[in-house]
Structures are given as structure tokens and as C-alpha cells.
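So the structure is just underneath, and the comments pick up after that.
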Amino acid sequence: MSETAIEFVDVVKRYGTATAVDRINFSIAKGELVTFLGPSGCGKTTSLRLIAGLELPSEGQVKIAGRDVSRDPASERNVGMVFQSYALFPHMSVLENVAYGPTIRGVSKAEAREKAREILDQVGLAGLEARLPSELSGGQQQRVAVARAIVQQPDVLLFDEPLSNVDAKLRRKVRAEIRDLQQRFGLTAVYVTHDQEEALAVSDRIVVMKMGQIAQIGTPAELYERPASAFVADFIGDANLIEGRVKGGVFRAAHLALPVQAEDGTFTATIRPERIRLAAGGAATILSASYLGSRMEYVVSDEDLEFLVSRPISDPRLAAGDNVDLQIDPTDLILVR
């Protein structure tokens, strides 16, 4: 059984009369990268700060490596943090930035620099030790920030929106580097982002939060393919959400009638845009067509229902105003309440 690195037990965080984190429970295994994901104000950053010791819980327990650290200040927790701004010292060289942490903890200057050189080599920054942060690219600065955290051998490494200051074209590369470093060093990492694609790309598991509570925890595939609620379905990727009822094994919404395996009752049906097929001719009408390089996105009106449809660029090209047959496989419906 995996060793537990972090555990929240009935954790509550209040600011006056406002509750930012509302009695949440979860655990993170050693060596796992878990992302807190959700809209602004959902409690994800507060949860990260509770692990770091930058905030203390109003109720409940925060445990790191089996030890209750709920009342311990940040200085007494073996936690490394990579901030949005990287927080590198602009007047210090790369080597000095990375060696700073061990030095203030009492390690000799020579030993601290040796450790820093080893880590910089492992993160691919050998030869850049003498440069100032301003002389590095955004991706290189990110790696310096990670190296500075890793050199202190933390029990947990925390990432607070680490790609918010990285150019859009660099994000894919930098997030892959972060994931590679985390796996290479076997680090337990907690990652905060509002970017769903980023979360899907880097995470072992994702904690989706809503209004201070956990909406669902799961692997990226579980959350995308088996969302537990309409909120999760809508937040993780694009989704068509259709309100309807199941009666006698058939889901009905407006003119739509599809066989399903579900009890009678009211449901929201989720259909991912890439699961819908289009064929020329039919009763539905394309309202708009958007070329997105690797795919086409269509907004399709089918009587009183409207669908977002994503199709490979290799499919026959359609245009706004075209009549199409909109085809949905019942097995692609995800029913949630």
C-alpha cells in the first residue's frame, strides 16, 4: 500500500464569516502529483496554503508524512514552494539562488554550492550557474525555481499557478519539464491551476473544487470520461449538457430519445463534442463553423437543441448554413444529476 504523504481530515478554513474551505478530506500518496483545479474562489489556493503553513486551519487536521502539522508554522514544515512569480533573487546568480536555502539552514557555503551544482545539472541548467535570472528564458527561470525547491529535499513540493507567467507557446514545454522533474526525483507534488488542459497534462489525480468543497477526485481520464456531476463535466473539457428525463430505459429531451441504462428520473446528459458525428443532409443546421488548425468546431442547431461539435480536420469540411444529420451513439451519453 502506498505511503501517505499528505492528509486532510475534516479541514475547515474560515475568514470571518466566510468559509473558504468547507470540511474537506483527501489524501495524497508519496510520489504522486495531485492538482487542485477549479474556478476562482473555489478554495484551491487556500488548500495549498494550508499545506504550506501559510494559513492554519480553523478546524480539522493537516498531516504531512503522518505528522499533524496543523498548528506548525511554515518554517517548521519540510515543504518547498514554487510561486507564480518564481521569486528568484534578481541580484544573485543562478547558483547563488539555488544554494541560498541550504545556506540559511546552516549548510556550509561550499557544500551548499556543490548540492546546487548537482541539482542544476539534473534539471538541465549546467553551464548557466553564473547567469542572473534576467538573463534566462521564462522556462529556464522556472527550472531554477524548481531546483531551488528540490535542493532542500522537501517532503512536499507545492506549485502555485507555476505557468501563469510563461508565454502561451512555452507552456506545453514547461509543464512537460515540471512533470518530468517530479517523476525523475520521485517528488510528492501539489499543483494549483485554473487551466483544465494543464491539469489534465501533468496530474496523477485531480481534485476538482467548487465553493470550498471537493466536487470530485480522480485521474484525468476518470474525470473526463466519468464526471460525477454536471459541474465537473462542464469544467473538465467542453461538454454539451442536456436536461431531460429517463423513463422506461429511454432518455428524452425535446425531440431527442436515446436508450440508456438508468433508473427513471431527471438527469443531465453530457455529450462530449468530439463524440458527435455529422453527415451531409438532414434536419439539423450548422450555425457556425470555426477552423482551429487540428480540428473544426461547429455549433449545430437541431430543432430546439443546440450542440457544440468537434470533428477532425480530415473530415469533410462543412460550412455555416449547411444541413446535416447529427448522430449520437447512446453509449456516449454520460448521465449525471
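The values are calculated or read from the model by the stated rules, or taken from the named source; none is laboratory data. Source: prediction; values computed, not measured. We place every Cβ from the backbone using ideal geometry, glycine too, and count neighbours over all the protein chains shown. What goes into the accessible areas is simple: the full protein's heavy atoms, side chains included, and nothing from ligands, DNA or RNA. Shrake-Rupley method; radii C 1.70, N 1.55, O 1.52, S 1.80 Å.
For the stretch 220-276 and the stretch 177-201, what is the separation of their C-alpha centers, rounded to whole Å?
30
Using helices alone, what [θ] at 222 nm do you get for the chain, with -39,500 (n - 2.57) per DSSP H run of 4 or more residues, divided over all residues and rounded to the nearest 500?
-7500 deg cm²/dmol
If you only keep lysine pairs separated by 8 or more in sequence, or across chains, how many in the chain come under 16 Å at the Cα atoms?
Close lysine pairs under the 16 Å cut-off: 5.
What FRET efficiency do you get for Glu303 and Glu225 if R0 is 30 Å and r is their Cβ-Cβ distance, rounded to the nearest 0.05?
Result of the calculation: an efficiency of 0.60.
Assign unit charges at the C-beta atoms only (+1 for Lys and Arg, -1 for Asp and Glu), then state the dipole size of the stretch 123-209 relative to its Cα centre in Debye, rounded to the nearest 20.
Charge dipole of the stretch 123-209: 220 debye, to the nearest 20.
What whole-number value in Å² describes the accessible area per residue of the chain for a 1.4 Å probe?
Result: 47 Å² of accessible area for each residue.
Quick one: Karplus J couplings for the stretch 21-27, per residue in order, coefficients 6.51, -1.76, 1.60, θ = phi - 60°, nearest Hz, x for Gly and Pro?
Going residue by residue, I get 10, 10, 6, 9, 9, 6, 9 Hz, with x marking Gly and Pro.
Helix 138-150 against the longest principal axis of the chain: what's the angle in degrees, Cα atoms only, rounded to the nearest 10?
Tilt of helix 138-150: around 60 degrees.
Using only C-alpha atoms and all pairs of different ones, pull out the Kirkwood radius for the stretch 50-204 in Å with one decimal.
About 16.2 Å, per the Kirkwood formula over Cα pairs.
Just the number: Rg to Rh for the stretch 20-94, Cα atoms, Kirkwood Rh, two decimals.
1.00
Roughly how large, in nm² to one decimal, is the mean projection of the convex hull of the alpha-carbon atoms in the chain?
21.2
Calculate, in nm to one decimal, what Tyr291 and Leu170 gain on full extension: separation in residues at 0.36 nm each, minus their alpha carbon distance.
Contour length minus Cα-Cα distance gives 41.3 nm.
Which FRET efficiency, nearest 0.05, do Ala280 and Ala257 yield, Cβ-Cβ r, R0 22 Å?
About 0.40, to the nearest 0.05.
Please report the net charge: other residues with Cβ closer than 11 Å to the Cβ of Gly218, K and R +1, D and E -1.
In short, -1.
Along the Cα→Cβ direction, 7 angstrom out, place labels at Gln61 and Ala87. What is the inter-label distance in nm?
2.8
With the full set of protein chains in place, find how many percent of the accessible area of the chain is carbon and sulfur; take the probe as 1.4 Å.
Looking at the chain in its full context, I get 47 percent from C and S.
Using only the Cα atoms of the stretch 1-131, what semi-axes does the equivalent ellipsoid have when each is the square root of 5 times a gyration tensor eigenvalue? Give whole Å, largest first.
33, 17, 15
With a cap of 16 neighbouring Cβ atoms within 10 Å, and only residues DSSP puts in a loop, list the trypsin sites (Lys or Arg not before Pro) found in the stretch 3-62.
Lys30
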